[in-house]
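For reference, the structure is listed below as structure tokens.
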Amino acid sequence: MVGNALIDSNNNIICYNMNNEIFRINANGIYDSSFAFDSTNSYPFAIISLSSVIEKNNSYYIAGQTGAMGEAFFISKLTPSGTVDPVFNYYSETTPTSEGIGDMIINNNSIIAEKGTNILKFLLSNSTLGTAAKVPEATLPLFSFENPVKQNLIYHTKERLKSIEIYNLNGKRIKNIESNGTSISEVPKGVYMVKVVFENGKTTTKKLIKN
């Protein structure tokens, strides 16, 4: 079953289906074999479902869900030939709910996306997806850490913390951070998500790169 279809700026039809395949039909109605999207081998995580595909300036922005229970979403950029853009690559975030990204609007500086009852704004920097924030929402407490991390997770915050947990991109919790400077040397190299819960009940999720 085709999940959605759109006409891009070159009058091609872009479709995605329930098997997480994206394909393109030329303006003359012929299947475009030069467009080759590989959902299985393009990302370090399994795509559970695709939820949105749009075109901007001959590139395609896609969104979907990953994680063991669909608790993580991702946004990625494809080249005109359907391969993952090597500069933008992808952005992934684990959230408390499994609501997927819906409609998206792309401009030169940001991506505005619908997710359940929230509207998210992602800031673009040098064509790379950078920061995500709900709009509107009270400012989250400040929390940062040295990134990439080689040995110890050293973070900076003036807020009182309840917990810090590291998850892989499949949504599996792999480590609890007990104190500042905790060693994560046993964590394999790769990209992870850090979930921070503050004592005031607020949470934030940040991407961590382990070298």
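Please work out which one of (1) touching a residue at least 60 places away in the same chain (Cβ under 8 Å); (2) part of a loop (DSSP other than H, G, I, E, B); (3) crowded, with 17+ Cβ neighbours inside 10 Å; (4) of a type in the set (A, V, I, L, M, F, W, C) is the condition ALA113 fails and give its number.
(2)
Which count do you get for residues in the range 68-77 that are open to solvent by less than 10 Å² (accessible area, probe 1.4 Å) and either at pLDDT 95 or above or not in a strand (DSSP E or B) (or both)?
1
Residue by residue, here is whether (1) open to solvent by 70 Å² or more (accessible area, probe 1.4 Å); (2) more than 14 Å from VAL53 (Cα to Cα); (3) touching a residue at least 12 places away in the same chain (Cβ under 8 Å) holds:
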| residue | (1), (2), (3) |
| --- | --- |
| GLY3 | no, no, yes |
| MET18 | yes, no, yes |
| ILE22 | no, no, yes |
| GLY29 | no, yes, no |
| ASP32 | no, yes, yes |
| ALA36 | no, yes, yes |
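Residue check, GLY64 against (1) in a loop (DSSP other than H, G, I, E, B); (2) open to solvent by less than 50 Å² (accessible area, probe 1.4 Å); (3) closer than 30 Å to VAL197 by Cβ, all met but one. Which one?
Unmet condition: (1).
Could you tell me which residue of the range 146-185 is nearest to GLU71 (Cα to Cα), considering only residues that are open to solvent by 30 Å² or more (accessible area, probe 1.4 Å), of a type in the set (A, V, I, L, M, F, W, C) and not in a loop (DSSP other than H, G, I, E, B)?
Among those that are open to solvent by 30 Å² or more (accessible area, probe 1.4 Å), of a type in the set (A, V, I, L, M, F, W, C) and not in a loop (DSSP other than H, G, I, E, B), it is ILE174.
Among what's in the range 70-125 and is of a type in the set (D, E, K, R) and farther than 24 Å from ILE25 by Cβ, pick the residue that is nearest to the chain's Cα centre (by Cα).
Per the criteria, the residue is GLU93.
The values are calculated or read from the model by the stated rules, or taken from the named source; none is laboratory data. Treat the numbers as computed from the prediction; the structure is a model and nothing was measured. Heads up, the Cβs are rebuilt from the backbone with ideal geometry, glycines too, and the neighbour counts pull from every protein chain shown. Accessible surface areas use protein heavy atoms only, side chains included; no ligands, DNA or RNA. Shrake-Rupley method; radii C 1.70, N 1.55, O 1.52, S 1.80 Å.
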